[in-house]
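Report on the structure given below.
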């Protein structure tokens, strides 16, 4: 299983190339230059030209690119741009709905991060996750909610989205992919809400989250850390496990391989 750590992936619009360097210096684990949602239709070519100019002027910069969706008129040109530049390390494929779409995006040899954000994408998760070139899945809760006519913020919508997240995490594990990323939290000012949402995603098994503003990066990283109580518990478990016993009792709790594995995962997350 690919276990490369990506806690945060920060979007920056290709229409604002002056922000790309700032994004790269933000502390985000990955930066995603966006040619899709953040770019209006009449600016698609302008945005792509901006990105190409930036890549030529900054050959050492490394970033992902969110290309336009497979059925969009700009998709092929976006792929061609990404194929030609070593600075593009992977592609974020929006509205991924088939393994064929993934294979096309991967034709230039770049790893693909499909975004699951439609009913068709959910229905095809098994084939998408198993497609050649997929590195990790990401979840697009906002577009999925729109596609399924969910009432944003309602208890019913959140319950459905939890089921969808479950499917993303299940197929991540089955396909042996890197830990999946949860979708963006749209309210930049609501730092408490972001922290809570990321902790929820962390506890479900997501490795991190997509984000839309540099101020969200540190909050995401903090929310992904284990609590002091979790760290102390994990340390006690590992200290007791150093005796070499496969099964033992600590503080009234039976400890065996799965419990030790959880303690190891908590300590790894802390580092």
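In terms of overall dimensions, the C-alpha atoms belonging to the stretch 1-149 reach 41, 37, 27 Å along their principal axes, ordered largest to smallest.
Using 0.36 nm per residue and subtracting the Cα-Cα separation, the extra length available between residue 242 and residue 270 on full extension is 8.1 nm.
Per residue of the chain, the DSSP helices (runs of n ≥ 4 H) give a summed -39500 (n - 2.57) that works out to -14500 deg cm²/dmol at 222 nm.
Using only Cα atoms, find the angle between the long axis of helix 215-224 and the longest principal axis of the chain, and express it within 0 to 90 degrees, rounded to the nearest 10. Roughly 30 degrees between the two axes.
Globularity index of the stretch 1-65 is 1.15 (Cα radius of gyration / 2.2 N^0.38 Å, N = number of residues).
Mean-square fluctuations from a GNM of the chain, with a 10 angstrom spring cutoff on Cα atoms, peak among 220, 260, 116 at 260. Average projection, convex hull of the Cα set of the stretch 85-158: 5.2 square nanometres. Give me the angle, in degrees from 0 to 90, between the Cα long axis of helix 155-175 and the longest principal axis of the Cα atoms of the chain, rounded to the nearest 10. Between the helix axis and the principal axis of the chain, the angle is about 90 degrees. Compactness of the stretch 84-210, taken as the C-alpha radius of gyration over 2.2 N^0.38 Å, stands at 1.04. Give me the tail of P(r) for the chain as a percent: Cα-Cα pairs with distance above 30 Å. Value for the chain: 32 percent of Cα pairs lie more than 30 Å apart. Residue exposure proxy: 75, 58, ordered by other Cβ atoms within 10 angstrom of their Cβ from fewest to most, comes out as 58, 75.
Between residue 147 and residue 190, the modelled label-to-label distance comes to 2.3 nm, taking each label 7 Å out from Cα in the direction of the beta carbon.
Give me the base-10 log of I(q)/I(0) for the stretch 67-120 at each q in 0.14, 0.16, 0.20, 0.25 Å⁻¹, Debye formula, one uniform scatterer per Cα, rounded to two decimals. Debye intensities relative to I(0), on a log10 scale: -0.30, -0.40, -0.62, -0.95. Peptides 99-108, 236-245, 26-35, ordered by how many other C-beta atoms sit within 10 Å of their residues on average, highest first, read 26-35, 99-108, 236-245. Size check on the stretch 157-271: the Cα extents along the three principal axes, sorted descending, read 48, 30, 23 Å. Compared with the dominant principal axis of the Cα atoms in the chain, helix 257-270 is inclined by about 50°.
Readers should treat all values here as calculations from the given coordinates under stated rules, not as data from a laboratory. Remember, it's a predicted structure, so these values are computed and weren't measured experimentally. FYI the Cβ positions are ideal-geometry reconstructions off the backbone, even for glycines, and counts take in every protein chain you see.
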